[in-house]
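Here the structure is laid out as structure tokens; the discussion comes afterwards.
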Amino acid sequence: MRDKILEEFKTKKTTLNSFKERLVNLLVDLLRENNIIFHQISARTKDFESLSKKIDKKQGKYNSLNEITDLVGIRIITYLESEVDLVSELIQKEFKEDELNSIDKRILKIDQFGYKSLHIVCSLNDSRSKLSEYSSYKELKCEIQIRSILQHAWAEIEHDLGYKGKSSIPDEYKRDFNRLAALLETADKGFDRLKKELLEYEKNVPKLIKNQPENVELNQASLQSILSTNEILINSREIIIKNTGAEIYENKDLGNLISKFMFFNIDNVKQLEDILKTNEKEYLSFVNEYTKEMRYSKLPISLPVFYFQHFLASMTQDKDFVERYFNYGDSSISHDSETALNFIKLYKNAIKITEQNN
């Protein structure tokens, strides 16, 4: 029986490899369609030697190749522990689960230690297996392992140490193993809790800004809210779109913009909104003059704030100050005196046009 199974495996190896590639592409598409962020997907097809050892180890268990459910293995690594359950729910919805062979290794007994993953054995569901591109794989199964980054880190370190299971650890080191496993589990749950609290904060930021802007610090959530609600910044964005012909895309990495506000001693929402309001006409004229010769296909939604910081520096009409501004933090703009003088000239021209329009 062993030889028959191994011979059948040889004939199906190409199909199994193809099945593996199809599954990876399908899973990536499904995860993205459902807005589930993942760290990594990897896959493997069991090799001949590994299969041979598995059959020998479990003598008499397998009567055919189809009874071996991990010929194709896929590992999905999420960022957070809660996302493991999201991926699991998606797989159970989109595939046919073999509940008998699936196992949740995250569930440990009270005297166990370690950090395990969720293993789901599944096959294509009936509707998908009828499609021509999947029909060749309707009888095949795969094992999908799902774990968070920290669960994966524990598994890799445990593997590197060469000890698996409580009985294999010398007694004097079991306490350390338990402690480290508990630390990782606590960290995983802590990151989950932090994400939920940040999402709640982001949801409440518009209300906080409306009621007490002076008490709302400039951070990523508050700046994103201002970008989407402040009429002056919205008008600035419309000028940029009109002049450049660019499409606007979302960008969430606002750290450099936030840190640069410190250069102007602006650290809360009220300060920013007040300065915008005081200099509205001059700032919008500055943006128009700065972008009227530009042509881009795509630009970030945060650009109005970026240009407002240029405006704040230029309005000092102090060459040394403008140079220091461009040298502050991480800037991609040339830092020489000529650049500073050009921005001051641009500011003066914007003021002149504003005065003429008034």
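The values are calculated or read from the model by the stated rules, or taken from the named source; none is laboratory data. Just so it is clear, the structure is predicted and the values come from calculations on it, not from any experiment. Here the Cβ positions follow ideal geometry from the backbone for every residue, glycine too, while neighbour counts run over all protein chains shown.
Among the residues of region 84-105, are any acidic (Asp, Glu), in the same structural domain as Glu7 (by TED's automatic domain parsing), in contact (Cβ under 8 Å) with a residue 60 or more places away in the chain and under 25 Å from Trp154 (Cβ atoms)?
No, region 84-105 contains no residue that is acidic (Asp, Glu), in the same structural domain as Glu7 (by TED's automatic domain parsing), in contact (Cβ under 8 Å) with a residue 60 or more places away in the chain and under 25 Å from Trp154 (Cβ atoms).
If you check Ser236 against the conditions, is it in contact with a helix residue (DSSP H, G or I) (Cβ under 9 Å, 6 or more places away or on another chain) and assigned to a helix (DSSP H, G or I)?
Criteria met by Ser236.
Only helices (runs of 4 or more DSSP H) wholly contained in region 254-358 count here; list those with 3 or more residues that are among the small types (Gly, Ala, Ser).
Fully inside region 254-358 and qualifying: 337-357.
Counting only residues that are of a type in the set (D, E, K, R), outside any strand (DSSP E or B) and buried (at least 16 other Cβ atoms within 10 Å of the Cβ), how many does region 58-104 have?
Of the residues in region 58-104, 4 are of a type in the set (D, E, K, R), outside any strand (DSSP E or B) and buried (at least 16 other Cβ atoms within 10 Å of the Cβ).
Taking region 136-162 as the region of interest, how many residues are without any contact (Cβ under 8 Å) to a residue 40 or more places away in the chain and either within 19 Å of Phe177 (Cβ to Cβ) or aliphatic (A, V, I, L, M) (or both)?
Qualifying residue count, region 136-162: 7.
Search region 1-21 for residues that are over 20 Å from Gly60 (Cα atoms) and assigned by TED's automatic domain parsing to the domain that holds Phe48 and pair each with any residue that is at pLDDT below 90 and surrounded by 14 or more Cβ atoms within 10 Å (Cβ to Cβ) when their beta-carbon atoms are under 7 Å apart and the residues are at least 6 apart or on different chains.
Lys12/Leu65
Which of the numbered conditions does Ile232 fail, given that it passes all the others? Conditions: (1) of a type in the set (A, V, I, L, M); (2) assigned by TED's automatic domain parsing to the domain that holds Val305; (3) more than 23 Å from Asp253 (Cα to Cα).
If we test Ile232 against (1) of a type in the set (A, V, I, L, M); (2) assigned by TED's automatic domain parsing to the domain that holds Val305; (3) more than 23 Å from Asp253 (Cα to Cα), just (3) comes out false.
What number of residues in region 262-302 are polar (S, T, N, Q) and surrounded by fewer than 16 Cβ atoms within 10 Å (Cβ to Cβ)?
3
Against the condition surrounded by 14 or more Cβ atoms within 10 Å (Cβ to Cβ), in the same structural domain as Leu86 (by TED's automatic domain parsing), farther than 30 Å from Phe95 by Cα and modelled with pLDDT of 80 or more, how does Leu140 come out, does it pass?
For Leu140, the condition - surrounded by 14 or more Cβ atoms within 10 Å (Cβ to Cβ), in the same structural domain as Leu86 (by TED's automatic domain parsing), farther than 30 Å from Phe95 by Cα and modelled with pLDDT of 80 or more - is not met.
If you take the residues in region 197-209 that are surrounded by fewer than 12 Cβ atoms within 10 Å (Cβ to Cβ) and among the charged types (D, E, K, R), which one is farthest from His152 (Cα to Cα)?
Per the criteria, the residue is Lys207.
What pairs come up if the first residue lies in region 329-341 and is modelled with pLDDT of 70 or more, the second is among the small types (Gly, Ala, Ser), and their beta carbons are under 6 Å apart, counting only those six or more places apart or on different chains?
Every condition considered, the pairs that remain are Gly329/Ser259.
Restricted to region 105-133, and to residues that are buried (at least 18 other Cβ atoms within 10 Å of the Cβ) and assigned to a loop (DSSP other than H, G, I, E, B), which residue is modelled with the highest pLDDT?
Looking at residues that are buried (at least 18 other Cβ atoms within 10 Å of the Cβ) and assigned to a loop (DSSP other than H, G, I, E, B), I get Ser117.
Just for region 217-233: of the residues that are outside any helix (DSSP H, G or I) and polar (S, T, N, Q), which one is surrounded by the fewest Cβ atoms within 10 Å (Cβ to Cβ)?
Of everything passing the filter in region 217-233, Asn219 is surrounded by the fewest Cβ atoms within 10 Å (Cβ to Cβ).
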